[in-house]
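Q: This is the structure I have questions about; it appears just below.
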Amino acid sequence: MASFFTIILGLVIFLAVAFVLINVYLEFLGAPFVPTFNNLDEIFKKAKLKKGQVFMDLGSGDGRVVRKAVKNYGVYGIGIEINPYLVVYANLAAKLENLTNIQFKRQSLFEVDLEKADIIFVFLKPNMLKKLAPKLTKCKKGSLIIAQGFQIPGWDKYLVDKIERKVFSTYFYKTQV
């Protein structure tokens, strides 16, 4: 009979292998997990986040961006992530931080309803941004789209501000201006 330790070790190894395989699969889809490390406070201040706004992160990963926006600015946060492990982690982290006005959903960013979002944050590869751009044009009038790292192809007319950096500049777009 297997010992408790052997069962736990087997479970941990299984989960680790499953996590790696899911990330490899998602990399092929164009959605790798790359955490945002840039100064989020600088980004949020420039975005002028206000209490009560709906802040949505498409490809929210471990939820750090949404959690910080909710905790520091009083927005209602929604994280959309396809990786089930990251959704579980983000929900657990939000619960441990006692954040109540936040939710993380396992969903494709191409299927999410963006109508209620006042601010949308994306840190996606250029090919994903190009595919997502038509959906973003259907956001409610005046929505702010924050693109971390890469510009949205063909969106020069919507660009209202940016934070220049050597690596991963931040671009601010207003829809239907």
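The values are calculated or read from the model by the stated rules, or taken from the named source; none is laboratory data. All values derive from a computational prediction rather than experimental measurement. Cβ: placed from backbone, ideal geometry, glycine included. Neighbour counts: every protein chain shown.
Q: Got a sec? Which strands (runs of 3 or more DSSP E) wholly within segment 94-177 have at least 1 residues that are of a type in the set (Val, Ile, Thr) and surrounded by fewer than 16 Cβ atoms within 10 Å (Cβ to Cβ)?
A: Strands (runs of 3 or more DSSP E) meeting the threshold: 159-163.
Q: So, one more: Filter segment 72-93 for residues that are small (Gly, Ala, Ser) and in a loop (DSSP other than H, G, I, E, B) and give the result.
A: Gly74
Results for (1) among the aromatic types (Phe, Trp, Tyr); (2) in a loop (DSSP other than H, G, I, E, B); (3) modelled with pLDDT under 90, shown as yes or no for each residue.
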site: Met1; (1), (2), (3): no, yes, yes
site: Leu15; (1), (2), (3): no, no, yes
site: Pro32; (1), (2), (3): no, yes, yes
site: Thr36; (1), (2), (3): no, yes, yes
site: Phe44; (1), (2), (3): yes, no, no
site: Lys50; (1), (2), (3): no, yes, no
site: Val70; (1), (2), (3): no, no, no
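Q: Which of the residues spanning segment 134-151 are modelled with pLDDT of 90 or more and of a type in the set (A, V, I, L, M)?
A: Leu144, Ile145, Ile146, Ala147
So that you can scan it fast, the table gives a plain yes or no per residue for (1) touching a helix residue (DSSP H, G or I) at 6+ places or on another chain (Cβ under 6 Å); (2) of a type outside the set (S, T, N, Q); (3) in contact (Cβ under 8 Å) with a residue 60 or more places away in the chain:
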position	(1), (2), (3)
Gln103	no, no, no
Leu132	no, yes, yes
Asp156	no, yes, no
Lys162	no, yes, no
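Q: Going by the structure shown, is Phe55 at pLDDT 90 or above and within 20 Å of Gly149 (Cβ to Cβ)?
A: yes
Q: Please state which one of Tyr89, Tyr76, Tyr85 is surrounded by fewer than 21 Cβ atoms within 10 Å (Cβ to Cβ) and modelled with pLDDT of 95 or more.
A: None of the other options fit; the residue is Tyr76.
Q: OK, next. If Val66 satisfies every condition in (1) part of a helix (DSSP H, G or I); (2) at pLDDT below 90 but one, which is the exception?
A: Among (1) part of a helix (DSSP H, G or I); (2) at pLDDT below 90, the lone unmet condition for Val66 is (2).
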